[in-house]
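> Sharing a structure here in structure tokens format.
Just so you know, all these numbers are worked out from the coordinates, no wet-lab data involved. Because the structure is predicted, anything quoted here is derived from the model rather than measured. For neighbour counting, all protein chains shown are included, and Cβ atoms are generated from backbone atoms with ideal geometry for every residue, glycine included.
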Amino acid sequence: MAEIEHFVDPSEKDHPKFQNVADLHLYLYSAKAQVSGQSARKMRLGDAVEQGVINNTVLGYFIGRIYLYLTKVGISPDKLRFRQHMENEMAHYACDCWDAESKTSYGWIEIVGCADRSCYDLSCHARATKVPLVAEKPLKEPISFLVVQFEPNKGAIGKAYKKDAKLVMEYLAICDECYITEMEMLLNEKGEFTIETEGKTFQLTKDMVNVKRFQKTLYVEEVVPNVIEPSFGLGRIMYTVFEHTFHVREGDEQRTFFSFPAVVAPFKCSVLPLSQNQEFMPFVKELSEALTRHGVSHKVDDSSGSIGRRYARTDEIGVAFGVTIDFDTVNKTPHTATLRDRDSMRQIRAEVSELPSIVRDLANGSITWADVEARYPLFEGQETGKKETIEE
């Protein structure tokens with residue numbers, strides 16, 4: 001489980017970065033649609049907030065970011081929806097709540113919850129700890145107002161009520177203006193008034209308490225922040241990624257692979273010499289060290305077996321790309337090697353010195369495979385050395 005606790009001013013539930021996600025189109029399954037028997041529909045996120053389907057832009061922003069995260073790690077957008085809680089399942093304190101649900105072999109399952117929990121959390125903590133959990137908000141214009149409060153004589157109250165004096169003091173500190181004015185009238189008319197707290201009654205006289213009035217200028221106001229809470233079920237997310245990225249090669253049911261996005265693939269790249277020929281080994285070492293310097297997790301597979309079988313092995317565990325050292329790498333200058341894309345099985349040829357940075361940029365998403373193919377020539381076959389068939 002992973003959670004975000006985002007605190008927001010309840011009077012200004014507008015997120016400054018909402019426009020970054022406002023144009024996303026995603027499937028929303030509103031409470032109204034569920035009650036009327038309709039299905040989820042694809043909506044622009046900005047329109048959903050404007051039409052009141054989603055309560056505010058802060059909640060909308062986090063729904064958009066959740067969508068981007070889930071699709072980036074490999075969940076299919078067509079098998080992902082956001083379902084709004086209906087009234088009979090909404091928590092009593094929540095303003096709005098949406099679940100990200102993914103479609104799996106088990107049906108639709110909740111993988112992320114995103115709730116506007118209003119001020120419930122901080123209010124509960126404040127009551128339990130007796131510590132006000134508030135934020136100060138600067139006012140545009142200072143506000144002056146009259147303060148009316150009790151001014152207790154601690155010595156007189158302590159002498160009269162000993163250990164219970166604290167109860168009296170705490171009670172007097174929380175009284176509002178209306179109550180204080182009423183008690184002041186009794187004090188002036190009868191010289192005393194009575195309070196009751198913690199099941200005990202106390203009589204207060206003029207020598208124990210006075211009423212104080214003064215003007216106060218306020219430059220900040222105190223607000224109890226609301227909480228927007230995205231809550232991620234990591235196990236369910238991982239299971240969904242496994243299911244959504246598992247594929248069988250067309251025309252060959254024995255060849256399966258995981259199409260993990262490179263950003264979450266356990267290894268971004270494999271390094272494969274065409275065979276166990278010792279001429280390839282210096283280049284394997286050079287590439288492995290360079291990939292490490294570039295922060296690219298990789299796997300060297302110099303085992304026996306055809307290159308096609310080794311490609312299949314790395315595909316099965318979701319390795320995104322594969323660098324192959326062949327006889328053209330050894331025999332031609334500048335030294336080049338092939339780079340293979342797992343999903344399309346297409347290959348390009350580039351200089352050995354360039355490949356680590358290419359793989360790094362592919363892995364972090366700054367370039368795509370289409371960008372690579374546009375820049376480098378497609379690999380059709382070796383031009384020198386021993387001929388060896390590459391099985392796909």
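> What aspartates and glutamates does residue 163 reach when the alpha-carbon gap must be under 18 Å and sequence neighbours fewer than 8 apart in one chain are set aside?
Counting by Cα, and skipping residues close in sequence, residue 163 has these aspartates and glutamates nearby: 196, 198.
> Long-range amide H contacts for residue 271: which residues qualify at under 5 Å (H placed 1.01 Å from N, peptide plane, sequence gap of 5 or more or a different chain)?
Close amide H contacts, sequence-distant or interchain: 299, 300, 301, 323.
> Please turn the phi angles of segment 25-37 into ³J(HN,Hα) values with the Karplus equation 6.51 cos²θ - 1.76 cosθ + 1.60 (θ = phi - 60°), one per residue in order, whole Hz, x for glycine and proline.
Per-residue couplings from phi come out as 10, 9, 7, 10, 10, 6, 4, 4, 5, 5, 5, 8, x Hz.
> Go through 204, 381, 274 and say which Cα lies farthest out towards the positive end of the charge dipole of the chain; charges sit on Cβ, +1 for Lys and Arg, -1 for Asp and Glu.
The residue sitting farthest along the positive end of the dipole is 204.
> Spelling out what I want: for every residue of segment 41-53, take phi, set θ = phi - 60°, compute 6.51 cos²θ - 1.76 cosθ + 1.60 (Karplus), and round to whole Hz; glycine and proline get x.
10, 7, 9, 6, 4, x, 5, 4, 6, 4, 8, x, 5
> Now for a different question. Please list the non-local residues whose amide H lies under 5 Å from the amide H of residue 350, H modeled 1.01 Å from N, same-chain partners needing a gap of 5 or more.
337, 339
> By counting other Cβ atoms within 10 Å of each Cβ, how are 147, 227 ranked from fewest to most?
Least crowded to most crowded, the residues run 147, 227.
> If I stretch the segment between residue 106 and residue 250 completely, what's the gain in nm (0.36 nm per residue apart, minus their alpha carbon distance), one decimal?
Gain on extension, residue 106 to residue 250, equals 49.4 nm.
> Could you line up 102, 366, 353, 118 from fewest to most neighbouring Cβ atoms inside 10 Å?
The order, fewest Cβ neighbours first, is 366, 353, 118, 102.
> Under 16 Å from a point placed 7 Å out from the Cα of residue 216 along the Cα-to-Cβ direction: which residues of segment 176-197 have their backbone N that close?
Answer for segment 176-197: 176-181.
> Among 266, 225, 334, which one shows the biggest mean-square fluctuation in a GNM of the chain, springs joining Cα atoms closer than 10 Å?
334
> Just list whichever of 72/285; 72/268; 162/190; 162/206; 13/79; 103/268 have alpha carbons separated by over 21 Å in the model shown.
Result: 72/285; 162/190; 13/79; 103/268 exceed 21 Å.
> While we're here: Using a 7 Å offset from the Cα along the Cα-to-Cβ direction at both residue 303 and residue 166, what is the distance between the two label points in nm, to one decimal?
If labels sit at residue 303 and residue 166, their model points lie 7.1 nm apart.
> Which one, (1) 114, 51, 40; (2) 60, 49, 36; (3) 100, 57, 44, gives Cα extents along the principal axes in Å as derived from the coordinates shown?
Label (1) holds the value from this structure.
> Provide the per-residue ³J(HN,Hα) series for segment 80-92, in order, calculated from phi with Karplus coefficients 6.51, -1.76, 1.60 and θ = phi - 60°, each as a whole number of Hz, with x at glycine and proline positions.
Here the 3J(HN,Hα) series is 9, 9, 10, 10, 7, 5, 7, 4, 6, 10, 6, 4, 4 Hz.
> From the residues 138, 92, 35, which one has its Cα farthest along the dipole of segment 15-172 in the positive direction, the dipole being from +1 and -1 charges on Cβ of Lys/Arg and Asp/Glu about the Cα centre?
138
> If you stretched the chain out fully between residue 332 and residue 146, how much longer would it get, using 0.36 nm times the residue separation minus the C-alpha to C-alpha distance?
Full extension from residue 332 to residue 146 adds 58.1 nm.
> A further question follows. Could you pull out the chymotrypsin sites (Phe, Trp or Tyr not before Pro) across segment 20-102 that fall in loop regions by DSSP (anything but H, G, I, E, B) with no more than 16 other Cβ atoms inside 10 Å?
93
> Can you give the longest run of the chain that contains no trypsin sites (Lys or Arg not before Pro) sitting in a DSSP loop with at most 12 other Cβ atoms inside 10 Å?
131-385
> How would 372, 131 line up from fewest to most surrounding beta-carbon atoms within 10 angstrom? Can you show the working numbers first?
Working: 372 19, 131 9.
With the sparsest Cβ surroundings first, the list reads 131, 372.
> Between residue 343 and residue 78, what's the calculated FRET efficiency when r is the beta-carbon distance and R0 is 25 Å? Round to 0.05.
The computed FRET efficiency comes out at 0.90.
> In addition: Once you've got the GNM for the chain with C-alpha springs shorter than 10 Å, pick whichever of 63, 195, 75 has the biggest mean-square fluctuation.
Sorting by GNM fluctuation, first place goes to 195.
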